[in-house]
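Working notes, structure below.
The values are calculated or read from the model by the stated rules, or taken from the named source; none is laboratory data. All values derive from a computational prediction rather than experimental measurement. Neighbour counts are summed over all protein chains in view; Cβ atoms, including those assigned to glycine, are modelled from backbone coordinates with ideal geometry.
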Amino acid sequence: MTDSATTVGGRPSGGGRRLSWSWLGALPFFVYVGLFLLLPTLVVVFGAFVDPSGRPTTANLSALGEDFVVTSFKNSVLLSAESGIIGALLGAVVAYAIATGRPEGGLRRTFVAASGMLAQSGGVTLAFAFISTIGAEGFITVLLRGTGLDVSPTLLFGLSGLTIVYAYFQIPLMVLVFLPALDGIRPQWREATESLGGTSWHYWRHVAVPILTPPFLGALLLLFANAFSAYATAAALISQGSIIAPLQIRVALTSETIAGQENVGKAIALGMILVVGVVMALYTLLERRSARWLKK
Amino acid sequence: MSQTTPYPAASAGSLAVLSGDVAARSPRGLRAARNRRLQLFRVVVLLLASAFFLVPFLAMVEFSTRGTGVDAPRTLDAWRRIVTYPNLISAIVTSLELSVLTSVASLALMVPTMIWVRLRLPRINRLVEFVCLLPLTIPAIVLVVGLVPVYAWVNYLSPGPLKGSSLVLTFAYIVLVLPYVYRSLDAGLRAIDVQTLAEAARSLGAGWPTVMFRVVGPNMSAAILNSAVLCVALVMGEFTVASLLNYVNLQYELNNLGQADAGVSVAVAVAFQLFVVALLVGLSFIGRRRGSKEA
């Protein structure tokens, strides 16, 4: 790598001056991400420990212990876990249905492309889509009216409603993440099981499931972090109130009622960074473990 | 399972027989039956999934064509009313401008950087990758909290006509699209032999700008197009940063309008979704044509 880099330079590899010129080429990138990615992150991390006039304090962190904040975090974890588990289970089933089709088929290509789009579909449009479906005057709500299966008009504004809406982008994300793991399963393993006299049940119980468990758990963690970070859909659905942590940040950012509490938002944001950070670290560990078996 | 196999012992999973005639215990009929069940399972699952993902979209179409009143006929009134909201139109224009600015600026930043890092600074390749993928881990809502003071400065420093203009969102959007731009450019760079191309060009006397923009760049045009299209799709759909920093864009206006005129806002949401689908279908079309040409 380094060898060819020095040849490309067209000059024999020289001393420090050459090196500093090379670094200059990457400078715009680092200045940019420094200003608009790393600086904001540091603002959150350090801002959580200072008061509005810049003096160090732990008052913001103690706000994390207040009931309404604790409840919003609890709800966020619950929502992320529920939508994660539902998304992972259903997504794995859909991924299996796709993986068992023709590898170059149009069906597979369509489903994968659609999953790529739907996994990113969270936002105002998704909120509108579900209001039009199971909102107070939604299509399904109207359809089921008077059949005894009535959709509650407040369904969409609670945790269970959010879980259904989140499944809409969690399932496709699972398909995208889990499909490579399913593709890594070799048909020879099934044949080997059969030639040893094993049944389908033996194959799943002793071969497929043990191999697929680490990637499944990894994908589950990714889905958890995905739902935990999501803001736009919930914000568009629930214009008032703050049942989950991201919406709590909205309250902290937009309300000007509580003077001296400007940095509470940063404390909640820091809390979110910590949760997502831990989950993603676990995800990386699991990824490494599953890569051992499922290398292409 | 045991009904289809003439060898119940095998289906019961008896490991008693591990001799050479095992193949005979897994007759073709068994496999065919399993195949039929698998095909049935696939059809059911994929149909159910399609229904779950299509119904909310169709419900939007249904909602946006409802007439007022109980048994009113279907109408396109809501769609016609779109043009009567000048704020909405200008928000759409703003979002289109933002997506162009973000695509161009992020490519201008990332294409030279990534080529340069590959050729001259391969040691920091992993670092650049880590930084670029960071926005996937840091939630946008968290980034916004830290962007508030940064944007106070952006607003303070920006020249008169740009003060308060939504176009300054470009700075934040470049960060939000970074992982996607990185991934597609990375895939493009992996597909070509950058080292050899650059070496050949250099030995023919080309300077670095020529290497970047006339040699390596054109060889990864598919990846560049790919990342530009992703930028447009992401920026047109962005809500979190705009709404919390209080800059008007399409999604911000759409959300506001949702309370005043649900019909129109749902109609625009349908149009937006169709726009995204068209973008991605177009992209896959281009990708396939290129693929077949190379093959």
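Looking only at residues in region B:33-57 that are closer than 20 Å to A:Phe128 by Cβ and within 7 Å of chain A (Cβ to nearest Cβ), which one is farthest from the chain's Cα centre (by Cα)?
Restricting attention to region B:33-57, the residues satisfying the condition of being closer than 20 Å to A:Phe128 by Cβ are B:51-57.
Next, only the ones that are within 7 Å of chain A (Cβ to nearest Cβ) stay: B:53, B:55-57.
Details: B:Phe53: 17, B:Val55: 21, B:Pro56: 20, B:Phe57: 18 Å.
Checking each candidate, the answer is B:Val55.
What pairs come out if I take residues in region B:67-88 that are farther than 23 Å from B:Tyr252 by Cα and pair them with residues that are surrounded by 14 or more Cβ atoms within 10 Å (Cβ to Cβ) and of a type in the set (D, E, K, R) whose C-beta lies under 8 Å away, six or more apart or interchain?
Short answer, once both residue conditions are applied: B:Gly67/B:Asp77; B:Ala72/B:Arg66; B:Arg74/B:Arg66; B:Thr75/B:Arg66.
For (1) surrounded by 14 or more Cβ atoms within 10 Å (Cβ to Cβ); (2) under 27 Å from A:Val33 (Cα atoms), each residue gets a yes or a no:
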site: B:Thr75; (1), (2): yes, no
site: B:Arg80; (1), (2): no, no
site: B:Val83; (1), (2): no, no
site: B:Ile92; (1), (2): yes, no
site: B:Glu97; (1), (2): yes, yes
site: B:Leu101; (1), (2): yes, yes
site: B:Leu109; (1), (2): yes, yes
site: B:Met114; (1), (2): yes, yes
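Scan the helices (runs of 4 or more DSSP H) fully inside region A:207-281 and keep the ones with 1 or more residues being more than 7 Å from chain B (Cβ to nearest Cβ) and within 28 Å of A:Gly54 (Cα to Cα).
Working: elements: A:209-229, A:232-237, A:245-254.
By residue number, A:245-254.
Report the residue count in region B:233-261 for those that are within 8 Å of chain A (Cβ to nearest Cβ) and part of a helix (DSSP H, G or I).
Qualifying residue count, region B:233-261: 10.
Can you name the condition, by its number, that A:Trp201 falls short on among (1) within 12 Å of chain B (Cβ to nearest Cβ); (2) in a loop (DSSP other than H, G, I, E, B)?
The one condition A:Trp201 does not meet is (2).
Confirm whether B:Val128 is over 21 Å from B:Ala233 (Cβ atoms) and surrounded by 20 or more Cβ atoms within 10 Å (Cβ to Cβ). Walk me through how you get there before you give the answer.
On the way: over 21 Å from B:Ala233 (Cβ atoms): yes; surrounded by 20 or more Cβ atoms within 10 Å (Cβ to Cβ): yes.
So B:Val128 passes the test.
Does B:Val216 qualify as being facing chain A (nearest Cβ under 10 Å), β-branched (Val, Ile, Thr) and assigned to a helix (DSSP H, G or I)?
It is false that B:Val216 is facing chain A (nearest Cβ under 10 Å), β-branched (Val, Ile, Thr) and assigned to a helix (DSSP H, G or I).
Among the helices (runs of 4 or more DSSP H) confined wholly to region A:54-172, which include 3 or more residues that are under 21 Å from the mean Cα position of the chain (by Cα) and within 26 Å of B:Val45 (Cα to Cα)?
Details: elements: A:59-63, A:67-99, A:106-118, A:124-134, A:139-144.
In region A:54-172, the matching helices (runs of 4 or more DSSP H) lie at A:67-99, A:106-118, A:124-134.
Yes/no matrix, rows are residues, columns are (1) touching a helix residue (DSSP H, G or I) at 6+ places or on another chain (Cβ under 9 Å); (2) within 14 Å of chain B (Cβ to nearest Cβ); (3) of a type in the set (A, V, I, L, M, F, W, C):
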| position | (1), (2), (3) |
| --- | --- |
| A:Trp21 | yes, yes, yes |
| A:Phe30 | yes, yes, yes |
| A:Leu42 | yes, yes, yes |
| A:Pro52 | no, yes, no |
| A:Thr58 | no, no, no |
| A:Asp67 | no, no, no |
| A:Leu78 | yes, no, yes |
| A:Ala81 | yes, no, yes |
| A:Tyr96 | yes, yes, no |
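Is it the case, given these coordinates, that A:Gln248 is farther than 18 Å from A:Ser121 by Cβ and over 20 Å from the mean Cα position of the chain (by Cα)?
On the way: farther than 18 Å from A:Ser121 by Cβ: yes; over 20 Å from the mean Cα position of the chain (by Cα): no.
So A:Gln248 does not fit the description; no.
Just to be sure I understand the filter: pairs with C-beta atoms under 6 Å, separated by 6 or more residues or on different chains, first member in region B:128-154 and at the interface with chain A (Cβ under 9 Å from one of its Cβ atoms) and under 21 Å from A:Val275 (Cβ atoms), second member crowded, with 18+ Cβ neighbours inside 10 Å and among the aromatic types (Phe, Trp, Tyr). Which pairs pass?
If the second residue must be crowded, with 18+ Cβ neighbours inside 10 Å and among the aromatic types (Phe, Trp, Tyr), the pairs left are B:Ile141/A:Tyr231.
Condition check ((1) modelled with pLDDT of 95 or more; (2) not in a helix (DSSP H, G or I)) across all residues:
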site: B:Gly164; (1), (2): no, yes
site: B:Thr170; (1), (2): yes, no
site: B:Tyr173; (1), (2): yes, no
site: B:Leu176; (1), (2): yes, no
site: B:Ala198; (1), (2): no, no
site: B:Ala206; (1), (2): no, yes
site: B:Asn226; (1), (2): no, no
site: B:Val229; (1), (2): no, no
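Every residue, every condition in (1) at pLDDT 90 or above; (2) crowded, with 17+ Cβ neighbours inside 10 Å; (3) touching a His at 6+ places or on another chain (Cβ under 7 Å), yes or no:
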position	(1), (2), (3)
A:Pro153	no, no, no
A:Tyr166	yes, yes, no
A:Leu173	yes, yes, no
A:Pro180	yes, no, no
A:Ile185	no, yes, no
A:Thr193	yes, yes, yes
A:Leu196	yes, no, no
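Do any residues in region A:55-74 that are closer than 22 Å to A:Val276 by Cβ have Cβ atoms under 6 Å from those of residues that are assigned to a loop (DSSP other than H, G, I, E, B) and aliphatic (A, V, I, L, M), where the two are at least six apart or on different chains, and which pairs are they?
Pairs that qualify, where the first residue is closer than 22 Å to A:Val276 by Cβ and the partner is assigned to a loop (DSSP other than H, G, I, E, B) and aliphatic (A, V, I, L, M), are A:Asn60/A:Ala48; A:Ser72/A:Ile244.
Need pairs with beta-carbon distance below 6 Å; first residue within 15 Å of B:Ala191 (Cα to Cα) and within region B:203-226, second surrounded by 12 or more Cβ atoms within 10 Å (Cβ to Cβ) and of a type in the set (Lys, Arg); sequence gap 6+ or separate chains.
Sorted first by the residue in region B:203-226, then by its partner, the pairs are B:Ala222/B:Arg290.
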